[in-house]
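S.K.: One structure is given below, represented as structure tokens, and several questions about it will come after.
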Amino acid sequence: MSSPLIPSSAAEAAAIVIEARAKKTPLAIVGGGSRSAIGRPMQTAADLSSRALSGLTLYEPAEMVIGARAGTPLADVENALAEKGQRLSFEPMDHRPLLGSSGEPTIGAVAAGNVSGPRRLQAGAARDSLIGVKFINGRGEDIKSGGRVMKNVTGLDLVKLSAGAWGTLGFLHEVVFKVLPKPETEATLMLSGLDDSRAVAALSVALGSPFEPTGAAHLPRWIDRVAKTLIRLEGFSDSLRYRAGALRALLAEFGAIDLLDEHTSASLWRQVRDATFLAKPRAQAVWRVSVAPARGPEVVAAIREGRDVRCFYDWGGGLIWVATDAADDAGATAIRKAIARSGSGHATLVRGTPELRASIDVFQPLTPPLAALHRRLKASFDPDGVLNPGKMHAEF
Amino acid sequence: MTAIAFPAPDAGILARRDAIVAGLAALLPAESLVESSDERRVFETDGLTAYRRQPLAVALPSTTEQAAAVMKYCHDNGVPVVARGAGTSLSGGAIPQEDAVVIGLGKMSRILSIDYANRVARVQAGVTNLAITGAVAADGFFYAPDPSSQLACTIGGNIGMNSGGAHCLKYGVTTNNVLGATVVLNDGTVVEIGGDHLDSEGYDLLGLMHGSEGQLGLITEATVRILRAAEGARPVLFGFDTSEEAGAATAAIIASGIIPVAIEFMDKPAIDICEAYAKAGYPLDVAALLIVEVEGSDEEMDAQLRKIVAIAKQHGVKVVKESQSAMEAALIWKGRKSAFGATGRIADYICMDGTIPTGQLPLVLRRMDEIVKRHGLRVANVFHAGDGNLHPLILYNCNDPVEQAKAEEAGNEILKLCVDVGGCLTGEHGVGIEKRDLMTHQFNKVDLDQQMRARAAFDPGWLLNPAKVFPLEGRVSG
Ligand SMILES: Cc1cc2nc3c(=O)[nH]c(=O)nc-3n(C[C@H](O)[C@H](O)[C@H](O)COP(=O)(O)OP(=O)(O)OC[C@H]3O[C@@H](n4cnc5c(N)ncnc54)[C@H](O)[C@@H]3O)c2cc1C
């Protein structure tokens, strides 16, 4: 492979795509590289890097909106926000601990991968905060959608479509997010020793309460000897004290409750966000499974019928992180069968060797009519398959 | 002279009307097909009443299968289809055309299941927005997006327009609160998108459906999130001498780290109109009014309101009215919620819906006033201040064609102004026919062509609500 192509303007990026299309030399889009190992391995002629497209383009704290070129390090965005007491509410995961990757995560890749964290269940995913994008499509055209205002229904929402398309529809060069104030403080209520079903039942009570948890996770016994069920609260300290007390009363039947202070809470949720519990052994495959939260434990039980796995739950039970032995299909069939049996949901292989990622469906397979729609959509953005071809689905 | 053009109806389709009605009759029970001219009239317009067109026929399916059969029939016979919920669209999104079959969701209004453990409800697309909250309220839950039309409008229409409401500052708009949908595609194929889990698989087709104005498919069922209601909610009312002060107070409240559930703004004309109608006790000697609502326990609300009142005082607030009881709270909201109805009693109006960066508020209010005065008209402003979504109501007399044209011209200028200061044409009401011809002001040709190519992935023949959203010239099919 030749050295990466590093445009320093949208116009240069467009020229690169136009040339690649003419020469039929597909491009692999890279940001900081920390998430490059997600998705199917691709047959591409060169990397197209966002590295030189860096820097904030807009930050209006009073309007709660921030814009940046796609290659801007996520850390720069988060630091700028922190200075004004704000943050990205969807809590983007850092994939480096899990993937063992290096490089600096970029804001563009956060958008492209719809990368969210534990707060997704209350504050929405990256796609819910993303309000504007500019991208180069596979025809080399510079397209904008959305903008810098919070409410915008003008035309088709290509912003949502860009989020989670992993660069297969366009090379993002600028993104705009809405942001929220960072709460004064946080704390976590911790229940101990619950099995998966009881834990998810407790989380369900908390999430069905008026006390607004911003995190709801269950760490089974294998992680730290005793199972821990975590409920995070954020806000002004008076309000937090009140809500913690109210939740304690509500959850009394689930046993004793500890209150973790701000510091302990923050570091624990960072681990939940980054799935660090599954970082080792590296040889294991890691899946990210989304199902209806109350059905999480039954999905795990069904997977276990066929495979020995290590799991933990986020999103009140609805997000299941599953580490499996990488042999055969690394559990793809068993996991997807368990999801289908439970109703709706999907599984994405987040960590696996290139061989594994080439041999199984990394992203949830689509039903034939949905696959046909995806193919036509892909063609409408990238008719000749120049951008990240085959990264999500083999056929396009 | 009404300015907005419709495409000329297809004479071939009009000539085949009897055959098409017979074809539909074979697919639907008799009570589900509306074809007499009298009965069709009910469906000829929506909330944009200045425009109307009688459809060819109206199908009112009661199942997804019936809806799919009608979609397939229309597809196979090249007949345009206009999806319709309650017909409350303010942008003309649901106005039919003479050569189209309207598919109304009126008979699909059931709540299919409520699942508290997973905090979702499965509903048919014709259910009203408020009925969802009604079904779960006794258990302390609610469906968050709350358009003022919520008593009438349907979840299918809400998805079609990606509707918002006063409380979306905290809870988001429709797209943030829907997890799954059953969609009938143009050729009658039925697909499930998403489900009762978070984040749908593959491309975000669910996100794309939101705000697609019936152009990508017909939604027949949806899975929506339901949330546990806060322990209490309490509004406070502030009166200011200038809208600049009100705007600055809004920004300062947000900057302080408090996110109220709603911050609503009214200008002097809107205050006068609403007060005359609702007797809500609004101060009449101020130029701008804010209603700020907070939620939580009594102590939490007290604490938040203390901070908010202190901020308002730093910004020269002249009148502060805190609600001491549920009745007073309801009264404060009554004025705001009756804004459209009250305005409708004194004049005809068109309701604009641009969004602006909130920092541009004082400038835009000033320029808007100039624009409307130049056209010899009046404007009243009520809007969601927290997110910059404006709703100028331009008052005119609909029996005076010259005045109507002026009102539309003034409206167009206002929307262009919104775009020029960094905002957009529509925050929640959709493009419909109303803003269709302004799309080129916000988007250039490649932007629009890309949207149209994505649209064509669903409907290459332009049969789904074809008169809307995209300028009639220069359409792209793939
Ligand atoms: C007094 C008043 C107050 C309002 N207040 C608000 C407000 O606060 N916030 C706000 O956002 N809007 C508001 N609106 C606008 C309007 O109520 C919303 O746009 C609403 O979502 C429309 O719902 P509906 O069921 O009436 O849909 P319709 O008007 O029937 O249709 C709206 C659009 O959606 C499409 N559509 C409808 N059903 C389906 C379906 N099942 N599948 C696919 N497409 C479909 C239609 O083709 C059309 O393009 C208000 C309107 C009025 C009259």
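Coordinate-derived values only; no laboratory data. Bear in mind that the values here come from a model prediction, so they are computed numbers and not experimental data. Ideal geometry is used to build each Cβ from the backbone, glycine not excepted, and the neighbour counts take in all protein chains shown.
S.K.: For the range B:347-465, state the semi-axes of the equivalent ellipsoid (square roots of 5 times the eigenvalues of the alpha-carbon gyration tensor), sorted largest first and rounded to whole angstrom.
M.R.: The equivalent ellipsoid of the range B:347-465 has semi-axes of 27, 18, 12 Å.
S.K.: Given Cα positions, please report Rg to Rh for the range B:1-41, the hydrodynamic radius being the Kirkwood one.
M.R.: Using Cα coordinates only, the ratio equals 1.10.
S.K.: Pick from A:R376, A:R351, A:R310: which is most flexible by mean-square fluctuation in a GNM of chain A where alpha carbon atoms under 10 Å apart are linked?
M.R.: A:R376
S.K.: Kirkwood Rh and Cα-based Rg: tell me the resulting Rg over Rh for the range B:70-132, rounded to two decimals.
M.R.: 1.10
S.K.: Taking only the Cα atoms of the range B:11-104, how large is their convex hull per residue, in Å³?
M.R.: In the range B:11-104, the Cα hull volume divided by residue count equals 90 Å³.
S.K.: Only Cα pairs within less than 10 Å get springs; with that Gaussian network setup on chain A, which residue of A:E305, A:E78, A:E186 has the largest fluctuation?
M.R.: Greatest mean-square fluctuation among the candidates belongs to A:E305.
S.K.: When Rg is the radius of gyration of the Cα atoms in the range B:111-228 and Rh is its Kirkwood radius, what does Rg/Rh come to?
M.R.: Dividing the radius of gyration by the Kirkwood radius yields 0.94.
S.K.: A further question follows. If amide H atoms are built 1.01 Å from N in the plane of the peptide, which residues on other chains or at least 5 residues away come under 5 Å of the amide H of B:G202?
M.R.: A:Q364
S.K.: May I ask for log10 I(q)/I(0) of chain B at q = 0.08, 0.10, 0.13 Å⁻¹, from a Debye sum over the Cα atoms as equal point scatterers with solvent left out?
M.R.: Evaluating at q = 0.08, 0.10, 0.13 Å⁻¹ gives log10 I(q)/I(0) of -0.48, -0.76, -1.25.
S.K.: So what are the three principal axis dimensions of the protein assembly as shown from its Cα atoms, in whole Å, longest to shortest?
M.R.: 77, 64, 56
S.K.: If you don't mind, there's one more thing I want to ask. Based on a Kirkwood Rh over C-alpha pairs, give the Stokes-Einstein translational diffusion coefficient of the range A:123-164 at 10 °C and viscosity 1.306 mPa s in µm²/s.
M.R.: For the chosen part, D equals 146 µm²/s.
S.K.: Would you mind getting the Kirkwood hydrodynamic radius of chain A from its Cα pairs, rounded to one decimal in Å?
M.R.: When all Cα pairs of chain A are included, the Kirkwood radius is 21.8 Å.
S.K.: Still on this model: Based on DSSP H runs of at least 4 residues, each adding -39500 (n - 2.57), what is the mean residue ellipticity at 222 nm of chain B after dividing by all its residues, to the nearest 500 deg cm²/dmol?
M.R.: -10000 deg cm²/dmol
S.K.: In sequence order, what are the phi-derived ³J(HN,Hα) couplings for the range B:19-35 according to the Karplus relation 6.51 cos²θ - 1.76 cosθ + 1.60 with θ = phi - 60°, rounded to whole Hz, with x for glycine and proline?
M.R.: My calculation for the range B:19-35 gives 5, 5, 4, 5, x, 5, 4, 6, 9, 10, x, 3, 6, 9, 10, 9, 9 Hz in order.
S.K.: Assuming a ≥ b ≥ c are the square roots of the Cα gyration tensor eigenvalues, decide whether the range A:62-181 counts as rounded (a/c under 1.5), prolate (otherwise, with a/b larger than b/c) or oblate.
M.R.: Taking the square roots of the gyration eigenvalues as a ≥ b ≥ c, the range A:62-181 is oblate.
S.K.: Another question, then. Averaging over all projection directions, find the projected area of the Cα convex hull of the range B:43-157 and quote it in nm² with one decimal place. Write out the running numbers ahead of the final one.
M.R.: Values: hull surface 30.7 nm².
Quarter of the Cα hull surface area: 7.7 nm².
S.K.: Quick one: what do you get for the range A:223-265 if you divide its Cα Rg by 2.2 N^0.38 Å?
M.R.: Dividing the Cα radius of gyration by 2.2 N^0.38 Å gives 1.24.
S.K.: If you stretched the chain out fully between A:E355 and A:R221, how much longer would it get, using 0.36 nm times the residue separation minus the C-alpha to C-alpha distance?
M.R.: 45.0 nm
S.K.: Moving on to the next point. Springs between alpha-carbon pairs under 10 angstrom, Gaussian network model over chain A: which of A:S380, A:S49, A:S89 fluctuates most?
M.R.: Among A:S380, A:S49, A:S89, the largest GNM mean-square fluctuation belongs to A:S380.
S.K.: Where the only charges are on Cβ atoms (+1 Lys, Arg; -1 Asp, Glu), what is the dipole of the range B:347-465 about its Cα centre, to the nearest 20 debye?
M.R.: Computed about the Cα centre, the dipole is about 220 debye.
S.K.: Nearest 20 debye, what's the magnitude of the dipole of chain B about its Cα centre given +1 on Lys and Arg Cβ and -1 on Asp and Glu Cβ?
M.R.: 400
S.K.: If you look at just the Cα atoms of the range B:198-352, how large are its Rg and its Dmax in Å?
M.R.: 18.8, 55
S.K.: Sticking with this one: Mind jotting down a quarter of the surface of the convex hull over the alpha carbons of the range A:306-396, in square nanometres, one decimal?
M.R.: Average projection, Cα convex hull of the range A:306-396: 7.1 nm².
S.K.: For the range B:125-164, take N as its residue count and report Rg(C-alpha) divided by 2.2 N^0.38 Å.
M.R.: 1.07
S.K.: Same structure, new question: Give me A:V65, B:V261 ranked fewest to most by other Cβ atoms within 10 Å of their Cβ, as a rough exposure proxy. All intermediate terms of the calculation are to be shown ahead of the outcome.
M.R.: Details: A:V65 26, B:V261 20.
Fewest-to-most ranking of A:V65, B:V261: B:V261, A:V65.
S.K.: Ratio of the range A:185-274's C-alpha Rg to 2.2 N^0.38 Å, to two decimals?
M.R.: Cα-based Rg divided by the globular estimate yields 0.98.
S.K.: If the viscosity is 1.567 mPa s and the temperature 4 °C, what translational diffusion coefficient in µm²/s does Stokes-Einstein give for the range A:276-359 when Rh comes from Kirkwood over Cα pairs?
M.R.: Values: Rh = 12.5 Å.
Calculated translational D: 104 µm²/s.
S.K.: Mind giving me the FRET efficiency for B:A22 and B:R110? R0 is 22 Å, r the Cβ-Cβ distance, nearest 0.05 is fine. Each step should come with its number before you reach the end.
M.R.: Working: r = 29 Å, r/R0 = 1.34.
Here the calculated transfer efficiency is 0.15.
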